[in-house]
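What follows is one structure encoded as structure tokens, with my remarks underneath.
Each reported figure results from applying straightforward, stated rules to the coordinates on display, with no laboratory input. Not measured: the values here are computed from a predicted model. Counting neighbours? That spans all protein chains shown, and the Cβs are built from the backbone with ideal geometry, glycine included.
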């Protein structure tokens, strides 16, 4: 029979758990005490490449109010323009510049992004802590050799290893400047101003005032924003990493070079995404979503065993000898120019804004419409040739090595022009896609898309530059208008006259206009082709 005494193992375990609970409670009380202090921030100390840094988080309101643009660093004050928050570049200041010029036209889109998108996210910012003595070489903090006796960061460790602790950010002691994240600061400052005053002035790049404002009322109406949600945004937190303006043992010159070097490095490493990569990853842009879906499912484009890939996923261009048919970027542009006629609200309200993801029902409808377009395009004789041939001989110009057909349907710019024209005809002018495709098949059979490099081609001077002997993207909109015309979509005589004049101008090289017979003619002699 077991005695009534308790199990020693159970007692030890219970005692351990109770102690652990008490330790957590004590830690929570201590943290609460320290975190309530406005002059200190709880941070974790890191070190990389010889540079000590302190990582923490601050509210958006604190970030907007306490952090300054790097161009305001005292060492740049002589060339600092307080009106633009930029440093005026000249022979004296060029070696001191640490920041790219601020683009104030970006503030409004950034503010709208923060205010209108509930799943907004800014990456952490990198800031520099400066102290008044840095710019006084006679201060006691400099030794006789001009080296700093201490760092501008004042860190109090809370653990034995000195990895976690409190960083002094008292306004009386330090000034903080953003090193990487100046436009994020600009956006957050604009958000705080918008919330406080209910409006925000729009600016041009150089901070000259635009003629319009962003208002809270407009945001509520356009994006159905809840006012309480908007007013709570300043309490959100952003990651922040602090480094010192001057480290112990550094001269002022060494410190400046180190800080400038770090700025260059963080910007070089942050390579922007290509347009193709954006199209691959974008989950907000309806046109990208539709383009990706068609790219992997449509028989003309999908990856199949035994045939070369039909899509370049990264680059926006297709080389003459490439075996791909198109690019993901071109598919995105085709999607936007075709479906944009039916779903104009898929586009952002302003340039620079991130679009709102369409509803699933609309996306399904968009995918269906875009698939029908590619079903029609796949029936064109030129694309039927892909069953027997690869793309290079169909794409290359006749004068290039091994020669080719110079077919515009195998050039991204031509593909986008076709999609743009058909989008306007189908969704704006009420044409039947089936009827249009029948006419295009006939036009294709007659060689209408081939031989771009010959004067007889409608695309000579439009999509083909006879002077530089290469494709020219600038003619895409005119090519789309010409397609709309030959498909019977332009009846207005004035509009026809404008297109004829634009075509004559496109075929004019060094003040000499080239007719369809290859001879020089007067511009007015150049006429429009027959309607299909």
Between the Cα axis of helix 252-269 and the main Cα principal axis of the chain, the angle (0 to 90°, nearest 10) is 40 degrees
Chain lengthening between residue 283 and residue 12 when straightened (0.36 nm per residue, less Cα-Cα)
92.2 nm
Consider all pairwise Cα distances in region 156-208 and report the whole-number % of them above 16 Å.
66 percent
Averaging sequence separations of C-alpha pairs under 8 Å and six or more residues apart, then dividing by the length of region 455-532, give the relative contact order as a whole percent.
33 percent
What FRET efficiency would be calculated for the residue pair residue 159, residue 198, taking the C-beta separation as r and a Förster radius of 35 Å, to the nearest 0.05?
0.15
Specify which labelled value, from (1) 24.3; (2) 28.5; (3) 26.9, agrees with Kirkwood radius over Cα pairs in Å derived from the coordinates of the model shown.
(2)
Relative to the chain, whose Cα atoms define the longest principal axis, helix 360-378 and its Cα axis are tilted in degrees, nearest 10, by 40 degrees
For helix 286-297, what angle does its Cα long axis make with the longest principal axis of the chain, in degrees from 0 to 90 and rounded to 10?
70 degrees
What length, rounded to one decimal in nm, is gained on full extension from residue 520 through to residue 321, with 0.36 nm per residue of separation minus their alpha-carbon distance?
68.4 nm
List the pair-distance distribution P(r) of region 9-69, using every Cα-Cα distance, as the percent of pairs falling in each 5 Å bin from 0 up to the bin containing the longest distance, rounded to whole percents.
4, 13, 13, 16, 14, 12, 10, 8, 5, 3, 1, 0, 0
For a footprinting-style exposure proxy, rank 313, 62, 346 by other Cβ within 10 Å, fewest first.
313, 62, 346
What's the exposure ranking of 513, 21, going from fewest to most Cβ atoms within 10 Å?
21, 513
Sorted by Cβ density within 10 Å, fewest first, the residues 356, 186, 408, 48:
48, 356, 186, 408
Convert 4 °C to kelvin, take the viscosity as 1.567 mPa s, use the Kirkwood radius over C-alpha pairs of region 39-269 as Rh, and evaluate the Stokes-Einstein diffusion coefficient in µm²/s, rounded to a whole number.
68 µm²/s
Helix-only [θ]222 nm of the chain, DSSP H runs n ≥ 4, -39500 (n - 2.57) each, per residue, nearest 500
-11500 deg cm²/dmol
